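The values are calculated or read from the model by the stated rules, or taken from the named source; none is laboratory data. What you see is a predicted model, and the numbers here were worked out from it, not measured in a lab. Using ideal geometry, Cβ is built from the backbone for each residue, glycine included, and neighbour counts are taken over all protein chains shown.
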Amino acid sequence: MRTIIVLFFLVVSNCIQAQNNEAQNAIEKFFMAFHAKDTMTLKSLCDKKMILQTISEKEGSAKLENSDPDTFFKSIASIPKGTVFLEKILRYEVQIEGSLAHVWTPYEFYVNGKLSHKGVNSFTLFKDQFAENSNWRIIHLIDTRRK
């Protein structure tokens with residue numbers, strides 16, 4: 001009986017880890033496309049109605065800004081060739097409930113090797129659990145930025 005219980009918990013644990021890996025992989029693909037300035041792949045990972053927001057923290061105040069996803073994609077594509085940028089993800093924290101996932105990623109952002117700012121990304125993802133070949137899609141991305 002004890003063996004059956006242990007096996008049950010191992011199977012459940014493996015299923016949860018596989019789900020977490022899928023959501024994390026979607027975010028890793030997002031950043032690979034971001035660094036490659038591959039807007040077609042970025043768009044494929046995001047829902048058409050994605051909400052994009054930024055909280056800028058400066059000198060004791062915070063400002064919430066909403067962005068249009070198409071403007072975001074165009075800005076990525078327009079980064080000059082000589083500019084080297086890296087969003088270094090420090091860790092991934094994944095939570096999943098059915099068709100909803102939340103991925104929290106603290107980061108440091110570097111431009112030409114110099115720290116520009118840091119903060120945290122908060123991704124909300126959706127996956128249609130009942131559709132065949134459904135993938136996690138980003139439906140909301142909000143980040144903080146501070147010097």
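From the list 108, 93, 97, which one is farther than 29 Å from residue 134 by Cβ and charged (D, E, K, R)? Of the residues listed, the single one that is farther than 29 Å from residue 134 by Cβ and charged (D, E, K, R) is 108.
Within region 121-140, track down each residue that is small (Gly, Ala, Ser) and either modelled with pLDDT under 95 or in a loop (DSSP other than H, G, I, E, B) (or both). 131, 134 - these are the residues of region 121-140 that are small (Gly, Ala, Ser) and either modelled with pLDDT under 95 or in a loop (DSSP other than H, G, I, E, B) (or both). Surrounded by fewer than 12 Cβ atoms within 10 Å (Cβ to Cβ) and in contact with a Gly (Cβ under 9 Å, 6 or more places away or on another chain): which single residue out of 129, 95 fits that description? Matching residue, one of 129, 95: 129.
In region 23-41, the residues that are touching a residue at least 40 places away in the same chain (Cβ under 8 Å) form Cβ pairs under 7 Å with partners that are in a helix (DSSP H, G or I), at six or more places apart or across chains, as follows: 26/45; 30/42; 30/45; 34/42; 34/76; 37/76; 37/77.
Look at (1) more than 17 Å from the chain's Cα centre (by Cα); (2) among the hydrophobic types (A, V, I, L, M, F, W, C); (3) surrounded by 14 or more Cβ atoms within 10 Å (Cβ to Cβ) and you find that residue 120 fails only one, number (1).
All of (1) touching an Asp or Glu at 6+ places or on another chain (Cβ under 8 Å); (2) among the small types (Gly, Ala, Ser); (3) at positive phi hold for residue 122 with one exception: (3).
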